[in-house]
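The values are calculated or read from the model by the stated rules, or taken from the named source; none is laboratory data. Just so you know, these numbers come straight off a predicted model, no measurement behind them. Using ideal geometry, Cβ is built from the backbone for each residue, glycine included, and neighbour counts are taken over all protein chains shown.
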Amino acid sequence: MDLGTLPEAIPIRGDGIQGLARRGISICVRLRRDTLMNDWTAMDWLSRLQTGRAGLLVEDTVVCGQPMNVVLTHTRDGEALIIASHAGGVTTIQTRYRRSFLIECLFRALKSRSFQLEATHMTLHDHVERLLCLLTLTYTWCVLVGVTLECPKKAHGRRAWSVVKVGLRELVRSFSRASARLGDLLTS
């Protein structure tokens, strides 16, 4: 996965991180630039990164009252990437973050964007499970189609529409054309 296109971190308050730690839940989160780590902001730490170095690992630093390892680096686009976790070194933390980021993208798209999962108001476990499987396959198909299509860029250089949205639009167009042709065949 290309870390150059990651969005800014969703703010996680200190009580959220402490609550996860109390429950024994493994933590791997992206931090904001202004997050305090041992009385310095993450950007202060990142400014210590030497030219030509890929990243910086700050071990056992206090983040939101919890001892954590923090990886600080820059994406290919030059944006700050600051990831905190309880476990492991640089590679482990980055691998866990990539995996959790992919899952977050899936659920964000399913819940609020094009798929509107919450609007179904389903509560039966079996029905929700089947719907999630179907929507996950659809999401994957949208991504696979969307990455192959050209999309205009905004002034800051990023795509005007997400890969998922572009892929979904193309799939809807394709199915609409196919169903119209099928309807024509059936009526003739």
Of the residues that sit in region 158-182 and are outside any helix (DSSP H, G or I) and among the hydrophobic types (A, V, I, L, M, F, W, C), which one is nearest to Glu104 (Cα to Cα)? Trp161
Find all pairs meeting these conditions: Cβ atoms under 8 angstrom apart; at least six residues apart or on different chains; first residue within region 169-188 and under 26 Å from Tyr139 (Cβ atoms); second residue modelled with pLDDT under 85 and exposed (fewer than 10 other Cβ atoms within 10 Å of the Cβ). none
Consider Ala155 against the criteria (1) free of Cβ contacts under 8 Å to residues at least 60 places away in the same chain; (2) in a helix (DSSP H, G or I); (3) closer than 30 Å to Leu72 by Cα: it satisfies all of them except one. Which criterion is unmet? (2)
Does Arg32 satisfy the condition of being surrounded by 11 or more Cβ atoms within 10 Å (Cβ to Cβ) and either over 18 Å from the mean Cα position of the chain (by Cα) or at pLDDT 80 or above (or both)? yes
Among the residues of region 101-152, count how many are part of a loop (DSSP other than H, G, I, E, B) and not charged (D, E, K, R). 13
List every residue pair whose Cβ atoms sit under 8 Å apart, with the two residues 6 or more apart in sequence or on different chains, where the first one lies in region 77-100 and is at negative phi and the second, anywhere, is surrounded by fewer than 15 Cβ atoms within 10 Å (Cβ to Cβ) and hydrophobic (A, V, I, L, M, F, W, C). Ala80/Met43; Gly89/Leu57; Val90/Leu57; Ile93/Ala87; Arg96/Ala87; Arg98/Met1
With respect to Arg159, is the statement that it is at pLDDT below 80, on the phi < 0 side of the Ramachandran plot, of a type outside the set (Phe, Trp, Tyr) and surrounded by 12 or more Cβ atoms within 10 Å (Cβ to Cβ) true? yes
Would you check which residues across region 102-128 are surrounded by 12 or more Cβ atoms within 10 Å (Cβ to Cβ) and farther than 19 Å from Trp161 by Cα and list them? Leu117, Thr120, Met122, Val128
Selection count, region 77-93, where residues are in a helix (DSSP H, G or I), at pLDDT 80 or above and surrounded by 15 or more Cβ atoms within 10 Å (Cβ to Cβ): 1
Within region 129-153, restricting to residues that are surrounded by 10 or more Cβ atoms within 10 Å (Cβ to Cβ) and at pLDDT below 85, the one that is farthest from Leu106 (Cα to Cα) is Lys153
Select, from Thr73, Thr61, the only residue that is hydroxyl-bearing (Ser, Thr, Tyr), more than 26 Å from Arg158 (Cα to Cα), modelled with pLDDT of 75 or more and surrounded by 12 or more Cβ atoms within 10 Å (Cβ to Cβ). Thr61
